[in-house]
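What follows is calculated from the coordinates using simple rules that are stated; it is not laboratory data. These figures come from a predicted structure and were not determined experimentally. Quick reminder, even Gly has a Cβ in these numbers, built from the backbone with ideal geometry, and neighbours come from all protein chains shown.
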Amino acid sequence: MLRGIDPILNADVLYALRAMGHGDDLIIADTNFPSDSVARKTVLGEVLRIDHSAAEVIKAVLSVYPIDTFVDDSAARMEVVGECDKILPVMEEVQLQVNAVRGPKLIGIERFAFYDRAKKAYAVIQTAERRFYGCFAFRKGVVPPDSA
């Protein structure tokens, strides 16, 4: 255990988050997402797991991971097929976690476009989230230098 780090962030996840650079994408996916096959196409090349809900995982990740502020698509959700503007409870819960770190409003990405973005990501974290459309993408921002 480490002080100041959420205990659900395992060593493999912490390694990947630390290795990522500005502009790299992180996918946090529900349990139904084809995480293993998609993750094989990512930079990391293997799926990571945190067996908690999407909102819990995102809260933990965002405690150490800056969201990019230079682009408009730094925080995204998979859209509901046929209802692109529909916001499900899992999406609301995640938006609250993003809001807690002063992040942007989640934008919607069509399902197959989300899969394409995921394949180009640095890493995929599969959660234990069983609710549909619990899939999110976050582009890594920067950590500024300490002020003098």
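Quick one: Karplus J couplings for region 20-33, per residue in order, coefficients 6.51, -1.76, 1.60, θ = phi - 60°, nearest Hz, x for Gly and Pro?
5, x, 4, x, 6, 9, 10, 9, 10, 10, 6, 6, 8, 5
Run lengths n ≥ 4 of DSSP H only: what is the helix-derived mean residue ellipticity at 222 nm for the chain, with -39500 (n - 2.57) per run over all residues, to the nearest 500?
Computed mean residue ellipticity for the chain: -8500 deg cm²/dmol.
With θ set to phi - 60° and the Karplus curve 6.51 cos²θ - 1.76 cosθ + 1.60, what are the ³J(HN,Hα) couplings of region 50-63 in order, to the nearest whole Hz, using x for Gly and Pro?
9, 7, 9, 5, 4, 5, 5, 5, 5, 4, 5, 4, 6, 6
Could you check the simple spin-label distance between K119 and V43, using points 7 Å along Cα→Cβ, in nm with one decimal?
With each label point 7 Å from Cα toward Cβ, the separation is 1.9 nm.
At a Förster distance of 22 Å, what's the computed FRET efficiency of D12 paired with V101, Cβ-Cβ distance as r, to 0.05? Write out the running numbers ahead of the final one.
Working: r = 22 Å, r/R0 = 1.02.
Step by step, r from the Cβ atoms, then E = 0.45.
Just need the relative contact order of the chain here, percent rounded to a whole number, with Cα pairs under 8 Å and 6+ apart.
Once divided by the residue count of the chain, the mean separation gives 45 percent.
V80's amide H: which non-local residues (gap 5+, or another chain) put their own amide H closer than 5 Å, with H modeled 1.01 Å from N in plane and none for Pro or chain starts?
So V80 has HN proximity to K86.
Quick query: amide H of V64 versus all other amide H atoms, modeled in the peptide plane; which residues come in under 5 Å with a sequence gap of 5 or more or a different chain?
Residues meeting the amide H criterion: none.
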